[in-house]
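For reference, the structure discussed in these notes is given below.
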Amino acid sequence: MKKILLFSAIVAVLFSSCGTSPRGELVGVQELTEFYPTEPYGMVKIPRGTFTMGANDGDVPYAHTTPKKLVTMHSFYIDQTEITNNEYRQFVHWVRDSIIRSILAEDGAEGYEYLADSDGYEEPDEESPAETPSWVVPDDERLQYNKEIEWDNTELLSILYDNGVFYDAEEALYGSRDFDTRLWKYKYTWIDKSNAAQKKNRFDRESGTYREGFSREGLVKEAEVYVYPDTLTWLHDFSYTFNEPMFDTYFWHPAYGEYPVVGVNWDQANAFCNWRTNYRLSLLTPYEQKYETAYRLPTETEWEYAARGNKDHSIYPWGGPYSRNSKGCFLANFKPVRGNYIADGYAFTAPAVSYWANDFGLYNMSGNVSEWTSTPFEPTASMFVSDMNPYYTFDADENAHPMLKRKVIKGGSWKDVGAFLQVAAKDYEYQDTSKCYIGFRCVKMYAGVETIDFGY
């Protein structure tokens, strides 16, 4: 009897020693703190709402591919501008430096060893954490990102030359030391959620196995993507046009740093979004990492909703039916007059912050560069997609038919006439193709539910 009483007393102490006791009531998990969403840098929050997607009655050319449909959208964040050359360079340089650090670590270069092999390495403090995600890579594979690469160290340069980081003498121009960008590849993985959702591939709880011999491993997709933009697009996209100066300077020259990046195909844009997510996660605390949402390309519907700027039935982002304002100034960068590309102020692309923002605060949703979306090009898709966050996806691998590789591009570009600037207009390009007039911007889900004041 004494043992029973002692046991009961211990249990009572255990259940009453965890802070405030709920007294046996269902109160939920208590250790979670209240979540306050923060607006990501360089992005604008697009509030939830409804809008009429598709062509207006007068948009005859697009009426058969973009019929009108009232849809409801969840809140999300979207980049205020197109991704610029400077922003994309950060991605390219990160990949370049990671490859170089890997080579130096494999060679055992002093100061560049893997973290597990380094005795003198000190973990950075919380104010300057390592730029590599520690939860992804074990210490014996983690690179020392906090150590600067010594570009004037002849010993390190010799190692890099031996590993093909620079062009060899036969390929170098005038004997210059130029990086071989063909080495710059970004490798990443993701979960094929659409495939996982199919009933045939789900986990069978009765048998304890996946159906039809499937496995979670089969849902993990892997990609390895060249990250350097195809600068030759400035030459091969146009015949009998002298665009060599743009080929020579557009991506790397500081004069074009704040201009939209081009020459990036759909696969590269997705790789950038993945890297941007992981780069963000690597600088957050473990608690913050859990609640961070991923960057990705916008769906066609998200892009059009954001472009309209809360002006339903509008033809252009600025709302009016004309491409000039009351003073006669063009409102976007496009081909306004036959043979005259500079009537709007620019011959090619314009800086990402140009002209006037729409009512959501977004720049160049029409003109400048067309933009990739995540949506496959299917003319009949609007007929069968939901009216709640419309979504259509298809993952076309490299062996798929070219028709299955078509992705929707929106917004029109600097080389297009005004009809392509309409927010409902859409065209397509193949996902493995890059153009000097196609760029992109990222979106990010808004975590939470906005409340509506009904005046009660």
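Some notes on this structure:
- The residues of region 233-250 that are surrounded by 13 or more Cβ atoms within 10 Å (Cβ to Cβ) and either farther than 20 Å from Ala350 by Cβ or assigned by TED's automatic domain parsing to the domain that holds Ile438 (or both), listed by number, are Leu235, His236.
- Per-region count, region 359-369, residues crowded, with 24+ Cβ neighbours inside 10 Å, touching a helix residue (DSSP H, G or I) at 6+ places or on another chain (Cβ under 8 Å) and closer than 27 Å to Thr393 by Cβ: 2
- Helices (runs of 4 or more DSSP H) enclosed by region 212-293 - at least 2 residues per element that are closer than 20 Å to Met445 by Cβ: 266-282, 286-290
- Residue satisfying all of: in region 298-337; in contact (Cβ under 8 Å) with a residue 40 or more places away in the chain and aliphatic (A, V, I, L, M); surrounded by the fewest Cβ atoms within 10 Å (Cβ to Cβ) among these: Ile315
- Selected residue (only one of Tyr391, Tyr430 is closer than 20 Å to Lys69 by Cα and not basic (Lys, Arg)): Tyr391
- Residue check for Glu148: at pLDDT 85 or above, part of a loop (DSSP other than H, G, I, E, B) and farther than 17 Å from Tyr188 by Cα: yes
- Test: residue in region 23-38 that is modelled with pLDDT under 90, of a type in the set (Ser, Thr, Tyr) and in a helix (DSSP H, G or I): no
- Test: Glu206 is without any contact (Cβ under 8 Å) to a residue 12 or more places away in the chain and not β-branched (Val, Ile, Thr): yes
Every residue, every condition in (1) modelled with pLDDT of 90 or more; (2) of a type in the set (Lys, Arg); (3) outside any strand (DSSP E or B); (4) out of contact with any helix residue (DSSP H, G or I) (no Cβ under 9 Å at 6 or more places or on another chain), yes or no:
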{"position": "Pro67", "(1), (2), (3), (4)": "no, no, yes, no"}
{"position": "Thr72", "(1), (2), (3), (4)": "yes, no, no, yes"}
{"position": "Tyr77", "(1), (2), (3), (4)": "yes, no, no, yes"}
{"position": "Gln90", "(1), (2), (3), (4)": "yes, no, yes, no"}
{"position": "Ile99", "(1), (2), (3), (4)": "yes, no, yes, no"}
{"position": "Ile103", "(1), (2), (3), (4)": "yes, no, yes, no"}
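- Tally of residues being closer than 12 Å to Gly412 by Cβ and charged (D, E, K, R) across region 305-343: 1
- Taking region 183-211 as the range and being in a loop (DSSP other than H, G, I, E, B) and either surrounded by 12 or more Cβ atoms within 10 Å (Cβ to Cβ) or not assigned by TED's automatic domain parsing to the domain that holds Asp162 (or both) as the test, the residues that pass are Trp184, Asp192, Arg202.
The values are calculated or read from the model by the stated rules, or taken from the named source; none is laboratory data. Computed from a prediction, not measured in an experiment: that's the story for all the values here. In this analysis, Cβ positions are derived from the backbone assuming ideal geometry, glycine residues included, and neighbour counts consider all displayed protein chains.
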